[in-house]
Amino acid sequence: MEVLDLIKNRFSPYEFTDKQLTEKDLETLFEAAGKAASAFNEQPWRFVYALKQDAEEFKVLHECLVEGNQGWTNNVAALVIAVISKNYAKNGNENTVAQHDLGLAVGNLTVQASAMGIHMHQMAGIIPQNAIDKLNIPDGYQPLTAIALGYFEGESEVKERKAVNEIAFKGVWK
Ligand SMILES: Cc1cc2nc3c(=O)[nH]c(=O)nc-3n(C[C@H](O)[C@H](O)[C@H](O)COP(=O)(O)O)c2cc1C
């Protein structure tokens, strides 16, 4: 079987159309995210989001991005701040794979978004303290990344990837 077109054709645009996303769209995307596997089923991912049409909420999330990412996200349909729970709920120990598990959840969200015709652009460039203060993120949680979401029109911008033999080694590292 070939790699799914949904996966092959995905890319992260810097320009989005004016078309809005709905609360229902976001709910579906987060439901997909929440189906991801996680260590001890801890589900350490949390998401704070704002739709463009909710201008005040959107502005607050927008202010959690670094300047370089604020520039191209003024017109996106939704912004999400992705957060991890730093410790396991059951014993308080550090969850050393929380970032991994958040990545799995966002991976699910990405595939679901692609199936819905929605484009995404993830960002490491956030101002974590702004997110903590402005979004009321409690102790024990760490804002890690942001996601811009919306619709794209235009030519595909799919980028080159490493070959499989550069990233996967049979038996031992080669
Ligand atoms: C965790 C993560 C952090 C990223 N941070 C930023 C960022 O702060 N600003 C930005 O413009 N793009 C950011 N990107 C987008 C990447 O540059 C992009 O995904 C990569 O170049 C591959 O391109 P593609 O998604 O179109 O395949 C980030 C992507 C990921 C997954």
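What follows draws every value from the coordinates through simple rules; no lab data is involved. None of the values given here were measured: they were computed from a predicted structure. Note: ideal-geometry Cβ built from the backbone for every residue, glycine included; neighbour counts use all protein chains shown.
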Subject >> Loop sites in the stretch 25-66: GluC sites (Glu not before Pro), DSSP, at most 14 other Cβ within 10 Å >> reply: Glu63
**OP:** Could you list Arg161, Arg46 in order of exposure, starting from the residue whose Cβ has the fewest other Cβ atoms within 10 Å?
**Re:** Arg161, Arg46
**OP:** Please sort through the DSSP H helices of the chain and keep those with an alpha-carbon extent of at least 15 Å along the long axis and a Kyte-Doolittle average not below -0.5.
**Re:** 23-34, 98-115
Original post:
With +1 on each Lys and Arg Cβ and -1 on each Asp and Glu Cβ, how big is the dipole of the stretch 22-152 about its Cα centre, in debye rounded to the nearest 20?
Top reply: 200
Subject >> Segment Ala39-Ile167, length gained on full extension (0.36 nm per residue, minus Cα span) >> reply: 43.7 nm
Original post:
Extension gain Met116-Asn136, at 0.36 nm per residue separation less the Cα-Cα distance, in nm?
Top reply: 4.2 nm
Original post:
In nanometres, what is the gap between the two model label sites at Glu2 and Gln70, each 7 Å from Cα along Cα-to-Cβ?
Top reply: 4.4
Original post:
Of the GluC sites (Glu not before Pro) in the stretch 83-174, which ones lie in a loop per DSSP and count no more than 13 other C-beta atoms within 10 Å?
Top reply: Glu153, Glu155, Glu157, Glu160
Original post:
With N residues in the chain, what two-decimal value do you get for its Cα radius of gyration over 2.2 N^0.38 Å?
Top reply: 1.09
Original post:
Which is the longest run of the chain containing none of the chymotrypsin sites (Phe, Trp or Tyr not before Pro) found in DSSP loop states (not H, G, I, E, B) with at most 11 other C-beta atoms within 10 Å?
Top reply: 1-168
**OP:** Can you grab the distance from the C-alpha centre of the stretch 29-108 to the C-alpha centre of the stretch 135-174, Å, no decimals?
**Re:** 13
Original post:
Can you put Asp25, Asp139, Asp54, Asp133 in order, fewest other beta carbons within 10 Å first?
Top reply: Asp139, Asp133, Asp54, Asp25
Original post:
Between Leu21 and residues 5 or more places away or on another chain, which pairs have amide H atoms under 5 Å apart, with H built 1.01 Å from N, and which residues are they?
Top reply: Lys52
Original post:
Taking amide H positions as placed 1.01 Å from N in the peptide plane, with prolines and chain starts having none, which residues 5 or more places from Leu65, or on another chain, fall under 5 Å of its amide H?
Top reply: Ile127
Subject >> Helix-only [θ]222 nm of the chain, DSSP H runs n ≥ 4, -39500 (n - 2.57) each, per residue, nearest 500 >> reply: -9000 deg cm²/dmol
**OP:** Can you put Leu61, Leu21 in order of Cβ neighbours within 10 angstrom, beginning with the fewest?
**Re:** Leu21, Leu61
